[in-house]
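J.: Please read through the structure below; I'll follow up with questions.
The values are calculated or read from the model by the stated rules, or taken from the named source; none is laboratory data. Treat the numbers as computed from the prediction; the structure is a model and nothing was measured. Ideal geometry is used to build each Cβ from the backbone, glycine not excepted, and the neighbour counts take in all protein chains shown. Protein only, heavy atoms only, side chains kept; ligands, DNA and RNA dropped before computing areas. Shrake-Rupley method; radii C 1.70, N 1.55, O 1.52, S 1.80 Å.
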Amino acid sequence: MQIALIADLHGNRPAVEALEKDLALLRPDQIICLGDIVGKGPSNDFTFDWAMAHCDLILGGNWDYGVGQQAFPNDLYYWQQLGEERMKTLRELPREHEITLSGRRIRLFHGRPVMENLITAHHPLAEIEPFFSDAQGNRYDVVIYADAHRQAYRTISPGLFVNTGSVGNAMGVPKCCYALVCGQEGPAPAPFEIRLRQVDYDREQAVRDAQNAPAVPLIETYIREIQTGIYSR
(Lines give C-alpha, C1' and ligand atoms only; values in the text may rest on other atoms or scores of the structure.)
Protein backbone atom coordinates (compact mmCIF):
# COMPACT_ATOMS: atom_id res chain seq x y z
CA MET A 1 0.00 0.00 0.00
CA GLN A 2 1.28 3.45 -0.91
CA ILE A 3 -0.03 6.58 0.80
CA ALA A 4 0.84 10.11 -0.30
CA LEU A 5 1.13 12.51 2.63
CA ILE A 6 0.78 16.12 1.50
CA ALA A 7 0.54 19.34 3.49
CA ASP A 8 0.85 23.12 3.50
CA LEU A 9 -0.71 23.86 0.11
CA HIS A 10 -1.09 27.50 1.22
CA GLY A 11 -2.99 28.92 -1.73
CA ASN A 12 -0.25 28.09 -4.26
CA ARG A 13 -2.06 26.97 -7.41
CA PRO A 14 0.95 26.19 -9.65
CA ALA A 15 2.50 24.00 -6.93
CA VAL A 16 -0.73 22.07 -6.45
CA GLU A 17 -1.12 21.59 -10.19
CA ALA A 18 2.41 20.12 -10.32
CA LEU A 19 1.51 17.89 -7.37
CA GLU A 20 -1.58 16.63 -9.18
CA LYS A 21 0.47 15.65 -12.23
CA ASP A 22 3.03 13.84 -10.11
CA LEU A 23 0.38 11.95 -8.16
CA ALA A 24 -1.22 10.89 -11.44
CA LEU A 25 2.08 9.20 -12.35
CA LEU A 26 2.51 7.48 -8.99
CA ARG A 27 -1.15 6.52 -8.46
CA PRO A 28 -1.03 6.18 -4.65
CA ASP A 29 -3.73 4.13 -2.95
CA GLN A 30 -4.61 7.05 -0.68
CA ILE A 31 -3.88 10.75 -0.37
CA ILE A 32 -3.90 12.16 3.14
CA CYS A 33 -3.46 15.88 3.71
CA LEU A 34 -1.85 16.97 6.97
CA GLY A 35 -3.34 20.43 6.91
CA ASP A 36 -2.85 24.09 6.02
CA ILE A 37 -4.69 23.96 2.74
CA VAL A 38 -5.26 27.74 2.94
CA GLY A 39 -3.43 30.90 3.96
CA LYS A 40 -0.34 32.80 2.81
CA GLY A 41 -0.86 32.54 -0.96
CA PRO A 42 -3.45 34.02 -3.33
CA SER A 43 -5.44 30.97 -4.55
CA ASN A 44 -7.05 29.58 -1.41
CA ASP A 45 -10.39 28.72 -2.98
CA PHE A 46 -8.53 26.59 -5.54
CA THR A 47 -6.31 24.77 -3.04
CA PHE A 48 -9.26 24.19 -0.69
CA ASP A 49 -11.45 22.76 -3.45
CA TRP A 50 -8.60 20.66 -4.85
CA ALA A 51 -7.90 19.10 -1.45
CA MET A 52 -11.56 18.34 -0.88
CA ALA A 53 -11.83 16.67 -4.29
CA HIS A 54 -8.62 14.63 -4.20
CA CYS A 55 -7.80 13.72 -0.59
CA ASP A 56 -9.16 10.74 1.29
CA LEU A 57 -8.64 12.61 4.56
CA ILE A 58 -7.74 16.19 5.48
CA LEU A 59 -6.44 17.13 8.91
CA GLY A 60 -6.59 20.65 10.26
CA GLY A 61 -3.58 22.92 10.59
CA ASN A 62 -3.03 26.17 12.44
CA TRP A 63 -3.80 28.25 9.35
CA ASP A 64 -6.97 26.27 8.59
CA TYR A 65 -8.33 26.78 12.08
CA GLY A 66 -7.17 30.40 12.26
CA VAL A 67 -8.82 31.36 8.97
CA GLY A 68 -11.91 29.24 9.61
CA GLN A 69 -12.44 30.79 13.03
CA GLN A 70 -11.77 34.31 11.71
CA ALA A 71 -9.15 34.65 14.41
CA PHE A 72 -7.11 37.43 12.81
CA PRO A 73 -8.72 40.63 11.40
CA ASN A 74 -6.03 41.01 8.73
CA ASP A 75 -7.21 37.78 7.07
CA LEU A 76 -10.21 39.43 5.39
CA TYR A 77 -8.86 38.45 1.94
CA TYR A 78 -9.06 34.76 2.81
CA TRP A 79 -12.54 35.04 4.31
CA GLN A 80 -13.90 36.79 1.25
CA GLN A 81 -12.25 34.33 -1.13
CA LEU A 82 -13.35 31.21 0.72
CA GLY A 83 -16.84 32.09 1.91
CA GLU A 84 -18.64 30.86 5.01
CA GLU A 85 -19.31 27.29 3.87
CA ARG A 86 -15.63 26.56 3.24
CA MET A 87 -14.62 28.27 6.49
CA LYS A 88 -17.10 26.15 8.42
CA THR A 89 -15.43 23.06 6.95
CA LEU A 90 -12.01 24.39 8.01
CA ARG A 91 -13.22 24.81 11.59
CA GLU A 92 -14.40 21.19 11.72
CA LEU A 93 -11.32 19.42 10.32
CA PRO A 94 -9.97 16.66 12.62
CA ARG A 95 -6.67 17.32 14.41
CA GLU A 96 -4.94 13.98 13.97
CA HIS A 97 -5.22 10.46 12.61
CA GLU A 98 -3.63 7.07 13.14
CA ILE A 99 -2.79 4.37 10.60
CA THR A 100 -1.09 0.98 10.90
CA LEU A 101 1.26 -0.19 8.16
CA SER A 102 3.64 -3.16 8.25
CA GLY A 103 3.02 -3.59 11.96
CA ARG A 104 3.92 0.02 12.73
CA ARG A 105 1.61 2.36 14.59
CA ILE A 106 1.84 5.72 12.80
CA ARG A 107 0.63 9.05 14.19
CA LEU A 108 -0.29 11.79 11.70
CA PHE A 109 -0.98 15.44 12.51
CA HIS A 110 -0.18 18.89 11.17
CA GLY A 111 2.03 20.25 13.94
CA ARG A 112 0.35 23.16 15.65
CA PRO A 113 -2.10 23.08 17.38
CA VAL A 114 -1.28 19.48 18.44
CA MET A 115 2.17 20.90 19.18
CA GLU A 116 1.97 23.95 21.42
CA ASN A 117 5.02 25.40 19.67
CA LEU A 118 6.55 24.43 16.35
CA ILE A 119 9.14 21.67 16.77
CA THR A 120 11.59 20.65 14.07
CA ALA A 121 13.63 17.48 13.64
CA HIS A 122 16.64 19.38 15.04
CA HIS A 123 15.06 19.98 18.44
CA PRO A 124 16.33 18.05 21.47
CA LEU A 125 14.97 14.54 21.88
CA ALA A 126 13.26 15.53 25.13
CA GLU A 127 10.96 17.86 23.13
CA ILE A 128 10.22 15.28 20.41
CA GLU A 129 9.77 12.10 22.44
CA PRO A 130 6.39 13.03 24.05
CA PHE A 131 4.69 12.90 20.63
CA PHE A 132 5.45 9.17 20.46
CA SER A 133 2.92 8.40 23.23
CA ASP A 134 -0.86 8.62 23.17
CA ALA A 135 -3.06 9.77 26.06
CA GLN A 136 -2.96 6.29 27.57
CA GLY A 137 0.82 6.09 27.40
CA ASN A 138 0.88 3.62 24.48
CA ARG A 139 3.73 4.05 22.01
CA TYR A 140 3.69 5.11 18.37
CA ASP A 141 6.41 3.71 16.13
CA VAL A 142 6.35 6.60 13.65
CA VAL A 143 5.32 10.25 13.95
CA ILE A 144 4.72 12.16 10.70
CA TYR A 145 3.79 15.84 10.72
CA ALA A 146 4.02 19.01 8.60
CA ASP A 147 3.91 22.69 9.68
CA ALA A 148 7.70 23.31 9.59
CA HIS A 149 7.65 23.39 5.75
CA ARG A 150 11.02 21.65 5.74
CA GLN A 151 11.40 17.98 4.87
CA ALA A 152 13.15 15.93 7.56
CA TYR A 153 13.70 12.32 8.57
CA ARG A 154 15.11 11.51 11.99
CA THR A 155 15.50 8.19 13.77
CA ILE A 156 15.09 8.20 17.52
CA SER A 157 15.07 5.37 20.05
CA PRO A 158 12.70 3.88 19.18
CA GLY A 159 10.97 5.27 16.10
CA LEU A 160 10.96 7.63 13.15
CA PHE A 161 10.19 11.37 13.26
CA VAL A 162 9.32 12.67 9.79
CA ASN A 163 8.30 16.00 8.29
CA THR A 164 6.54 15.89 4.92
CA GLY A 165 7.69 19.32 3.80
CA SER A 166 5.33 21.78 2.10
CA VAL A 167 3.62 21.58 -1.28
CA GLY A 168 3.15 25.32 -1.70
CA ASN A 169 5.58 27.08 0.65
CA ALA A 170 8.60 24.83 1.13
CA MET A 171 11.60 25.95 3.15
CA GLY A 172 15.15 24.94 2.27
CA VAL A 173 14.29 23.54 -1.16
CA PRO A 174 11.68 25.79 -2.83
CA LYS A 175 9.88 23.03 -4.70
CA CYS A 176 6.64 21.10 -4.25
CA CYS A 177 7.55 18.71 -1.42
CA TYR A 178 5.64 15.80 0.05
CA ALA A 179 6.10 12.26 1.40
CA LEU A 180 5.18 8.73 0.39
CA VAL A 181 4.66 5.96 2.94
CA CYS A 182 4.74 2.39 1.66
CA GLY A 183 3.91 -0.79 3.53
CA GLN A 184 1.45 -3.59 4.11
CA GLU A 185 -1.81 -2.52 5.67
CA GLY A 186 -2.37 -3.94 9.13
CA PRO A 187 -0.49 -5.13 12.23
CA ALA A 188 1.62 -7.88 10.65
CA PRO A 189 5.36 -7.05 10.40
CA ALA A 190 6.43 -6.36 6.82
CA PRO A 191 8.85 -4.15 4.88
CA PHE A 192 8.25 -0.44 5.37
CA GLU A 193 9.45 2.63 3.49
CA ILE A 194 9.16 6.40 3.70
CA ARG A 195 10.21 8.52 0.72
CA LEU A 196 10.56 12.29 0.65
CA ARG A 197 9.67 13.58 -2.80
CA GLN A 198 10.42 16.95 -4.44
CA VAL A 199 8.77 18.18 -7.64
CA ASP A 200 9.55 21.28 -9.68
CA TYR A 201 6.72 23.69 -10.35
CA ASP A 202 6.25 27.00 -12.16
CA ARG A 203 7.43 29.35 -9.42
CA GLU A 204 7.47 32.30 -11.81
CA GLN A 205 3.74 31.82 -12.35
CA ALA A 206 3.26 31.53 -8.59
CA VAL A 207 5.02 34.88 -8.18
CA ARG A 208 2.85 36.46 -10.87
CA ASP A 209 -0.29 35.11 -9.18
CA ALA A 210 0.86 36.66 -5.91
CA GLN A 211 1.75 40.00 -7.50
CA ASN A 212 -1.75 40.13 -8.98
CA ALA A 213 -3.25 39.78 -5.50
CA PRO A 214 -1.80 42.68 -3.50
CA ALA A 215 -4.60 42.43 -0.90
CA VAL A 216 -3.18 39.15 0.45
CA PRO A 217 -1.65 39.85 3.88
CA LEU A 218 2.18 39.95 3.77
CA ILE A 219 2.18 39.02 0.09
CA GLU A 220 5.75 40.26 -0.45
CA THR A 221 6.91 37.93 2.31
CA TYR A 222 5.18 34.99 0.63
CA ILE A 223 6.84 35.90 -2.68
CA ARG A 224 10.29 35.94 -1.07
CA GLU A 225 9.65 32.58 0.52
CA ILE A 226 8.63 30.79 -2.67
CA GLN A 227 11.53 32.41 -4.54
CA THR A 228 14.21 31.56 -2.00
CA GLY A 229 12.96 28.84 0.35
CA ILE A 230 13.98 31.08 3.26
CA TYR A 231 11.46 31.83 6.00
CA SER A 232 10.69 35.56 5.90
CA ARG A 233 7.67 36.28 8.12
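J.: Per residue, what accessible area does the chain have, given a 1.4 Å probe and all protein chains present, in Å²?
T.: That works out to 45 Å² per residue.
J.: Let me ask another. State which stretch of the chain is the longest one without any exposed GluC sites (Glu not before Pro), exposure meaning a DSSP loop state and at most 11 other Cβ atoms within 10 Å.
T.: 117-233
J.: To test your reading of the geometry: what angle, between 0 and 90 degrees and rounded to tens, separates the Cα axis of helix 13-26 from the longest principal axis of the chain?
T.: Approximately 40 degrees, to the nearest 10.
J.: Compute the angle between helix 44-54 and the longest alpha-carbon principal axis of the chain, please, reported from 0 to 90 degrees and rounded to the nearest 10.
T.: 40
J.: Next question. What percentages make up the Cα-Cα pair-distance distribution of segment 125-189 when the bins are 5 Å wide from 0?
T.: 4, 15, 22, 20, 20, 13, 5, 1
J.: Which order, highest average first, do 1-9, 42-50 follow once you tally other Cβ atoms within 10 Å for each residue and take the mean per peptide?
T.: 1-9, 42-50
J.: Can you compute the equivalent ellipsoid semi-axes for the chain, i.e. the square root of 5 times each eigenvalue of the Cα gyration tensor, sorted largest first and rounded to whole Å?
T.: 28, 19, 17
J.: Just want the answer: with Cβ charges of +1 for Lys and Arg and -1 for Asp and Glu, which residue in Gly172, Tyr153, Gly137 is farthest toward the dipole's positive end in segment 126-212?
T.: Gly172
J.: Across 5 Å bins from 0, what is the distribution of all Cα-Cα pair distances for segment 41-82, in whole percents?
T.: 5, 21, 31, 26, 12, 4, 0
J.: If I compute solvent accessible area with a 1.4 Å probe over the protein chains, what percent of it on the chain is carbon and sulfur?
T.: Roughly 48 percent of what the probe reaches on the chain is carbon or sulfur.
J.: Still on this model: Determine the shape class of segment 171-233: with a ≥ b ≥ c the square roots of the Cα gyration tensor eigenvalues, call it rounded for a/c under 1.5, and otherwise prolate if a/b is greater than b/c, oblate otherwise.
T.: It is prolate, given that a/c is not under 1.5 and a/b is the larger ratio.
J.: What percentage of all Cα-Cα pairs in segment 98-233 are separated by more than 21 Å?
T.: Of all Cα-Cα pairs in segment 98-233, 48 percent lie more than 21 Å apart.
J.: Helix 76-91: angle to the longest alpha-carbon principal axis of the chain, degrees 0 to 90, nearest 10?
T.: 30
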